[in-house]
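Below is one structure, written out as structure tokens; the observations come after it.
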Amino acid sequence: MVAIRIEFDDDEQYDRLKKLKKRRGLTWKGLLLEGEQKVREDTPK
């Protein structure tokens, strides 16, 4: 298993993402993977 450390620019950025994570019922890993999926969908081939 690989561990990743994420550093946020400020408390507001952290709180915004934490609320989104909680609202969607995700872990930090789940939030990251959903973000990756969205980026792939929005990126032209």
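Just so you know, all these numbers are worked out from the coordinates, no wet-lab data involved. Because the structure is a prediction, the values reported are computed rather than measured. In this analysis, Cβ positions are derived from the backbone assuming ideal geometry, glycine residues included, and neighbour counts consider all displayed protein chains.
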Identify all lysines with a Cα-Cα distance to residue 18 below 20 Å; exclude those on the same chain that are fewer than 8 residues away in sequence. 29, 38
Using a cut-off of 14 Å between beta-carbons, work out the net charge of the residues near residue 10 (Lys and Arg +1, Asp and Glu -1, residue 10 not included). -3
Listed candidates (1) 30, 26, 21; (2) 60, 36, 7; (3) 35, 26, 23 - label of the one calculated as Cα extents along the principal axes in Å: (3)
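Below 15 angstrom from the Cβ of residue 19, what's the summed charge of the other residues (Lys, Arg +1; Asp, Glu -1)? Display every interim value, and only then the final one.
Values: positive: 16, 18, 21, 22, 23, 24; negative: 10, 11, 12, 15, 34.
So the surrounding residues net to +1.
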Extension gain residue 43-residue 22, at 0.36 nm per residue separation less the Cα-Cα distance, in nm? 4.9 nm
Taking the 0 to 90 degree range and rounding to the nearest ten, how far is the long axis of helix 28-42 tilted relative to the main principal axis of the chain, both from C-alpha atoms? 30
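So what is the 222 nm mean residue ellipticity for the chain from helices alone, if each DSSP H run of at least 4 adds -39500 (n - 2.57) and you divide by all residues, rounding to the nearest 500 deg cm²/dmol? Provide the component values of the computation, followed by the final result.
Numbers: 2 runs with 29 residues, N = 45.
Calculated from helices alone, the mean residue ellipticity at 222 nm is -21000 deg cm²/dmol.
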